[in-house]
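Worksheet: one structure, shown below.
None of the figures in this text is laboratory data; all of them are computed from the coordinates on show. It should be emphasised that the depicted structure is a prediction, and the values quoted were computed from it without experimental measurement. Note: ideal-geometry Cβ built from the backbone for every residue, glycine included; neighbour counts use all protein chains shown.
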Amino acid sequence: MKMFNEILENDLDLEDDEEIEELDLDDESSEYENKNKRCPECLSTNLRTDYSHGEIICKDCGFVIEDEMFDFGPEWRAFDEDQRVKRARTGGVLRYAKLNRGLTTEIDKYDRDIRGGAIQPERRAQLYRLRKLQRRSRMSDSMQRNLSIALPELDRMCACLNIPNTLKEECAIWYRKAVSNGLVRGRSIECVVAAIIYLVTRKHHLPKTLEELEEVSGIKRKDIGRSYRFICRRLKIKMPIATAMDYVPRFASELGLSGRTEAMAIEILKEASKKGVISGKGPTGVAAAAIYLASKLTNDRQTQKRIAEKLSGVTEITIRNRYEELVKALNIKL
């Protein structure tokens, strides 16, 4: 009970500190806005703006200088995120994975008015011409035509590889940079898309193997690697390094391992990296061997054959060799 009370007091102290920090931030912003104003009572410039009550208050004498400020916020209230999204009257966010960044309008092909009734024939012909002009305007230049092919391909690859939307948006941004710099000319669109996916996933420590990208895109991994190095060199990007620890969470999820086994595998890799055992070795094979060793230590019952079948680009021989090296270097007795 005494320990619980101490923890509770510490939490209350932290909450008080957070409130003080928030007040300090408000004070800084209000001082910046009220630096040219003075209190009519004490002529002080130490003023504070209270946006919740619509007041400007002198911090020295407490005089309320103004109590009818304009409220520039919305006139509606929202009690959760769904209500806030529904009642907001602003547009959607920019989607770089969409052709026109998600800001375009669409003339549908149903030829119906707002009530669902049929449109007159002369009006229908006009809508047909407008629809055709809209399609042509989207493909006005070579960059738009390239994006119209590449962005759906990017969406397909990311869906097959289970890549989150945030990384997909970043891939779309980098592909747009590559197109604007003329790096896609003379190369396959699928190859450049796969290379950018490989770059972004390695950058965020969620790497995909070249074998996986070869299977999804249909492009040889040698060509993907060549495009990857070319893009990094021309866009002056420092090539991110994929470590074995980056592969452990995904491999553990595919094998259905427990969190204890995953944590044990990461600890094994940390100790091995300190001793320089895994330097120069393939990260996927080292990660698979660490998972196999951790599963034996935690009695998770994983075989080398099952790990090699579940994980692409890893063989039983590689797992066995890396496993023996880890056991010997870390002096682990099973």
1/(1 + (r/R0)^6) with r = Cβ-Cβ of residue 165 and residue 51, R0 = 30 Å, i.e. FRET efficiency to nearest 0.05, evaluates to 0.35
About its Cα centre, how strong a charge dipole does the range 80-227 have in debye, to the nearest 20, once Lys and Arg get +1 and Asp and Glu get -1 at the Cβ? 640
Report the GluC sites (Glu not before Pro) located in the range 41-90 that are in a DSSP loop and have at most 13 other Cβ atoms inside 10 Å of their Cβ, or state none. 41, 68, 75
Each label sits 7 Å from Cα toward the beta-carbon; between residue 232 and residue 306 the label points are separated, in nm, by 3.5
Taking alpha-carbon centroids only, the range 51-66 lies from the range 270-334 a number of Å equal to 66
For residue 238, which lysines qualify as cross-link partners when the Cα separation must be under 25 Å and same-chain residues fewer than eight apart are set aside? 168, 177, 203, 208, 220, 222, 270, 274, 281
Using a Förster distance of 56 Å, the FRET efficiency for residue 77-residue 134 (Cβ separation, nearest 0.05): 0.90
Is the shape of the range 142-234 rounded, prolate or oblate, going by the alpha carbon gyration tensor and its root eigenvalues a ≥ b ≥ c, with a/c under 1.5 for rounded and a/b larger than b/c for prolate? rounded
Likely footprinting exposure, 53, 205, fewest C-beta neighbours within 10 Å first: 53, 205
If you place +1 on the Cβ of every Lys and Arg, -1 on the Cβ of every Asp and Glu, and leave all else neutral, what size is the dipole of the chain about its Cα centre, to the nearest 20 Debye? 4140
Along the Cα→Cβ direction, 7 angstrom out, place labels at residue 320 and residue 239. What is the inter-label distance in nm? 3.2
Neighbouring Cβ atoms within 10 Å as the yardstick, rank 251, 70 fewest first. 70, 251
Rounded to the nearest 500, what is the chain's calculated 222 nm mean residue ellipticity when only DSSP H runs of at least 4 contribute -39500 (n - 2.57) each, over all residues? -19000 deg cm²/dmol
Quick one: 43, 154, 206, fewest Cβ neighbours within 10 Å first, how do they rank? 43, 206, 154
Shape category assigned to the range 234-334 from the gyration tensor of Cα positions, a/c cut at 1.5: prolate
